[in-house]
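Data block below; observations after.
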Amino acid sequence: MAQETAEEPVLRLSEWLESLGADLSGIGFEGSVGHHRLVAGTKPCQSLQCSLRSRFMDFVTRRDSEVHLARFPLDQAFTARSIINHSIAGPGYQQASRGLMDERELIIFALMTERLKGSKSPWEPWISALPNTFDTPAYYSDVELEELKGTNLYQAARLLKQQMAAVWKRLEPLCVQLLREEGIHTDPPCVDDLIWGYSTFWSRGQAIPVSLKDVTEVEEGLVPGLDMCNHSVPARARWQLQPAQASDSGPSNIFLMVERSTACRPGAEVTIDYGDKSNEELLLLYGFCTDTRNMNDQLMIPLLDTGSMPDDPTMEARLMLLEQHGCKPQLFLPFQLMENIHRPPAESRHLGSSCYIPRTAFDTLQIWCMSRQQLAEELSRKTPAKLPEPDAASKADLLDLLVHLLAKTVERLEGPQGTESLEADLGLLNRAEELPQRMLHSIIYRAGQKKLARHFLQQAERAALEQMGAPSPSNPK
């Protein structure tokens with residue numbers, strides 16, 4: 001059998017999408033198998049000229065200075081509802097998933113199973129164009145995972161692999177049975193197939209607002225074709241749902257559009273914005289980071305496993321009070337506070353010197369430092385009230401705890417349990433072109449975490465010295 005050329009999967013994908021009602025006249029697909037990207041075509045989406053209503057939409061488009069590149073029928077999105085209702089594959093998934101999976105898990109299960117079906121899958125032209133592997137930590141080898149040592153993502157990746165193994169034990173019999181009933185003969189499925197389905201869902205899925213019985217709900221799923229868009233900031237394009245009108249017999253559609261003033265030249269890649277995500281999220285879900293100055297980055301410090309308050313008999317009361325005030329046993333210290341040190345957000349709290357932390361972090365620390373009596377008094381209130389302003393002694397305890405937690409975090413990131421110093425990471429990034437991609441993005445992520453930890457530790461130490469009346473290193477008396 002002749003090997004398929006690089007163009008053939010792209011051609012089959014385009015023909016398949018158009019057979020389902022998509023209009024791709026303003027875009028094209030390029031790249032090798034598993035690494036396709038979406039590029040601009042030579043003309044806008046033709047479906048805007050198909051009816052009077054479309055001509056009106058074209059007027060609106062021109063008024064808003066936007067050009068429609070492509071249209072994807074919403075009913076062809078790969079969602080739990082469309083999977084269950086599919087005329088060919090649906091009955092098998094209805095039986096296999098009954099009471100055993102939620103909608104998200106069903107989509108992941110179906111992605112995995114349809115890939116195993118190969119050419120017998122009704123989604124094969126799309127499935128075969130998807131990547132065979134990913135650069136997310138779920139795919140890291142043990143050696144590659146060592147580059148994340150000391151970070152929260154290191155533990156999250158190890159836990160994810162354990163969870164995938166547990167889920168596979170439950171789903172394996174269902175997958176084997178479904179394939180057998182449909183006469184599919186393939187290599188025995190394994191947990192790696194589930195990890196592929198999981199990674200595909202999280203790296204290419206969308207939250208789509210849909211109207212069901214006059215109620216707008218968010219439905220998760222993948223939009224074949226649209227899912228080929230890569231990420232950039234600023235994005236070159238955006239997608240928008242156009243609901244079907246009562247007077248229109250056609251389906252709802254998802255349009256891919258660009259600003260007329262910045263329209264992509266033919267052949268240029270069409271990108272979208274994946275949202276305001278930190279490097280931790282980007283690496284976990286998509287396998288890449290932006291840079292060490294991602295404005296959405298934050299440092300998360302867990303309180304329960306730091307060893308700062310072992311065997312605390314009041315822990316249950318602390319956790320209850322945290323919940324009442326909308327807090328968690330974690331501190332979230334954002335990059336934006338580090339960047340805007342002279343213009344802190346209004347909702348932040350000043351601890352002294354140049355130290356600012358989010359109000360929720362302040363409340364969390366305050367509750368964590370409360371005595372048994374203070375906890376009892378706060379919990380006895382019929383309705384949760386704003387926490388009282390701490391006195392000087394309580395504020396000193398709060399700062400001591402913050403300094404302790406941040407010092408432990410710096411040690412965890414840069415000490416023997418971590419991955420060298422921040423300076424060593426920055427040195428590696430100076431020769432980024434020599435590094436393997438997975439290693440490069442791991443270093444970008446962990447260097448950003450180290451910057452945040454060092455910054456907030458320095459500010460907290462200065463505030464603590466100021467609280468004690470000692471001169472700050474940056475403001476000697």
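The values are calculated or read from the model by the stated rules, or taken from the named source; none is laboratory data. Worth saying up front: this structure is predicted, and the values here are computed from it rather than measured. Using ideal geometry, Cβ is built from the backbone for each residue, glycine included, and neighbour counts are taken over all protein chains shown. Ligands, DNA and RNA are stripped out before the accessible areas are found, and what is left, the full protein with its side chains, is counted by its heavy atoms. Shrake-Rupley method; radii C 1.70, N 1.55, O 1.52, S 1.80 Å.
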Among the numbered criteria (1) surrounded by fewer than 14 Cβ atoms within 10 Å (Cβ to Cβ); (2) among the charged types (D, E, K, R); (3) touching a helix residue (DSSP H, G or I) at 6+ places or on another chain (Cβ under 9 Å); (4) modelled with pLDDT of 85 or more, which single criterion is violated by Glu18?
(3)
When residues of region 421-452 are filtered for being in contact with a helix residue (DSSP H, G or I) (Cβ under 7 Å, 6 or more places away or on another chain) and more than 23 Å from Leu285 (Cα to Cα), how many remain?
4
Looking only at region 327-355, count every residue that is outside any helix (DSSP H, G or I), aliphatic (A, V, I, L, M) and surrounded by 17 or more Cβ atoms within 10 Å (Cβ to Cβ) and tell me the total.
3
Mind checking which residues of region 4-15 are at pLDDT 90 or above and more than 13 Å from His36 (Cβ to Cβ)?
Glu15
Against the condition in a loop (DSSP other than H, G, I, E, B), within 23 Å of the chain's Cα centre (by Cα) and in contact (Cβ under 8 Å) with a residue 40 or more places away in the chain, how does Gly197 come out, does it pass?
no
If I ask for residues that are open to solvent by 50 Å² or more (accessible area, probe 1.4 Å) and within 22 Å of Gly197 (Cβ to Cβ), which ones from region 275-287 would you list?
Glu281, Leu284
Got at least one residue in region 385-408 being among the aliphatic types (A, V, I, L, M), closer than 24 Å to Leu153 by Cα, surrounded by fewer than 19 Cβ atoms within 10 Å (Cβ to Cβ) and free of Cβ contacts under 8 Å to residues at least 60 places away in the same chain?
yes
For region 359-370, which positions are free of Cβ contacts under 8 Å to residues at least 60 places away in the same chain and either closer than 18 Å to Asp400 by Cβ or in contact with a Pro (Cβ under 7 Å, 6 or more places away or on another chain) (or both)?
Ala361, Phe362, Asp363, Leu365, Gln366, Ile367, Cys369, Met370
Could you tell me which of the residues Gln373, Gln298, Gln324 is open to solvent by 70 Å² or more (accessible area, probe 1.4 Å), in contact (Cβ under 8 Å) with a residue 60 or more places away in the chain and over 22 Å from Val410 (Cβ atoms)?
Gln324
If you go through Ser252, Ser278, the only one that is touching an Asp or Glu at 6+ places or on another chain (Cβ under 9 Å), within 26 Å of Arg204 (Cβ to Cβ) and modelled with pLDDT under 95 is Ser252
Residues in region 394-422 that are among the charged types (D, E, K, R) and within 28 Å of the chain's Cα centre (by Cα): how many?
5
Of residues in region 106-153 being touching a Ser or Thr at 6+ places or on another chain (Cβ under 8 Å) and open to solvent by 40 Å² or more (accessible area, probe 1.4 Å), the one nearest to Trp16 (Cα to Cα)
Arg115
